[in-house]
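Peer 1: Below is a structure I'd like to ask you about.
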Amino acid sequence: TIIPSKILSNGVQMPYLGLGVYKMTDREEAILAMTKALEVGYRAIDTAAIYGNEKEVGEAIKNANVSREEIFVTTKVWNNDQGYDNTLRAFETSLKNLGLEYVDLYLTHWPVEDKLVDTYRAIERLYDEKLIRVPGVSNHHAHHLEKIFAKANVQPMVNQIELHPYFSQVELRAFCNEHNIAVTAWSPLGRGGILQDEVITTIASEVGKTAAQVILRWHYQQDIITIPKSVTPTRIEENMQIFDFELSNEQLAKINHINKDQRFGQNPDTFHFDF
Ligand code: NAD
């Protein structure tokens, strides 16, 4: 399977599906999972400084039979490292931990109200210096993005947000679309919490795929990038087998209908972890 890529606003190609590595803290388990993913055809890994596994990401990439240029690495600056100078320093630490010479996509992990613009300006500088290929943000609502638009020379090209059939983010997606910002879905499977949904399992048996594959395909057919997480080799493989079938418009509509604006994670407007 070859995973298709989305062309971002600066022409850089970002794979539509990557491996999320949140909570992969056991060193050996993490390296095994990432190595497995690269072996079966994943070409993107989504980590963050706070996940504590950037070293493992670097190691898996070094050991892989795939060249660095073919792999799309995302990492993020944590909340208490925000601000202009702090972000530049945090990036240097991430780069060192990863053992890489550049990062593909660097994101503000969460919007810290009084710092998010300075944090983004530092990300912009890293982009100018070609230390990152794509500048972006995560968990930013329209009002956060508008603050950035007012001050930025280069707009964020990616916004990584919680997005799955129970929290389909129709408005924020439309806003990002309008501004040429690619949307990446975190917790695309609702942390596993949507896999038993009857609408999903019914469609899964209709198309002869698993619930996880149906959900990831629903994202893909709406131009949304996904980063499902698994450490289980069979599931890692299963999650990328979504490019050999199609959901009908009727099936997509049925899935759109199960939205209940239900988050599994934090709300960016009220989350204040470690500011
Ligand atoms: P997810 O929706 O990817 O669900 C992962 C869980 O679903 C796994 O732990 C496993 O229990 C289950 N699962 C995975 N594949 C399965 C399969 N094929 N069959 C059955 N069960 C399966 O949730 P997540 O880990 O929260 O999110 C994915 C990634 O998104 C993270 O690893 C991280 O990289 C990123 N993320 C980012 C933020 C952010 O603030 N930017 C927040 C949360 C997660």
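Computed from the coordinates by the stated procedures, all read-outs in this text should not be read as laboratory data. For clarity, every value in this text was computed on a predicted model and none was experimentally measured. Please note: Cβ atoms are built from the backbone with ideal geometry, for glycine as well, and neighbour counts cover all protein chains shown.
Peer 1: Only one of His144, His140 is in contact with a strand residue (DSSP E or B) (Cβ under 8 Å, 6 or more places away or on another chain), under 22 Å from Tyr16 (Cβ atoms) and within 15 Å of the ligand (Cβ to nearest atom); which?
Peer 2: His140
Here's the yes/no breakdown for (1) more than 19 Å from the chain's Cα centre (by Cα); (2) within 15 Å of the ligand (Cβ to nearest atom); (3) in contact (Cβ under 8 Å) with a residue 24 or more places away in the chain:
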position	(1), (2), (3)
Leu126	yes, no, yes
His164	no, yes, yes
Gln169	no, yes, no
Asn180	no, no, yes
Ile194	no, yes, yes
Gln213	no, yes, yes
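Peer 1: Name the single residue, out of those in the stretch 93-117 being buried (at least 17 other Cβ atoms within 10 Å of the Cβ) and not hydrophobic (A, V, I, L, M, F, W, C), that is farthest from Ala60 (Cα to Cα).
Peer 2: Lys115
Peer 1: Go through the residues of the stretch 205-214 one by one and say whether even a single one is charged (D, E, K, R) and surrounded by 12 or more Cβ atoms within 10 Å (Cβ to Cβ).
Peer 2: Within the stretch 205-214 (the criterion being charged (D, E, K, R) and surrounded by 12 or more Cβ atoms within 10 Å (Cβ to Cβ)), the answer is yes, since at least one residue qualifies.
Peer 1: State which residue pairs qualify: first residue over 23 Å from Phe91 (Cα atoms) and inside the stretch 24-51, second residue buried (at least 17 other Cβ atoms within 10 Å of the Cβ) and among the charged types (D, E, K, R) in any location, beta carbons under 6 Å apart, and separation of 6 or more residues or different chains.
Peer 2: As it stands, the answer is Val40/Glu237, since those pairs meet every condition given.
Peer 1: Shifting gears a bit: Search the stretch 16-27 for residues being under 13 Å from Pro228 (Cα atoms) and surrounded by fewer than 24 Cβ atoms within 10 Å (Cβ to Cβ), and hand back the single one that is nearest to the ligand (Cβ to nearest atom).
Peer 2: Going through the qualifying residues, I end up with Tyr22.
Peer 1: Now, a different point. List every residue pair whose Cβ atoms lie under 8 Å apart, where the two residues are 6 or more positions apart in sequence or sit on different chains, the first residue falls within the stretch 222-249 and is more than 21 Å from Thr74 (Cβ to Cβ) and touching a residue at least 60 places away in the same chain (Cβ under 8 Å), and the second residue, located anywhere, is polar (S, T, N, Q) and in a loop (DSSP other than H, G, I, E, B).
Peer 2: Gln241/Thr1; Asp244/Thr1
Peer 1: Taking the stretch 258-275 on its own, how many of its residues are loosely packed, with under 11 Cβ neighbours inside 10 Å and closer than 12 Å to His164 by Cα?
Peer 2: Matching residues across the stretch 258-275 total 2.
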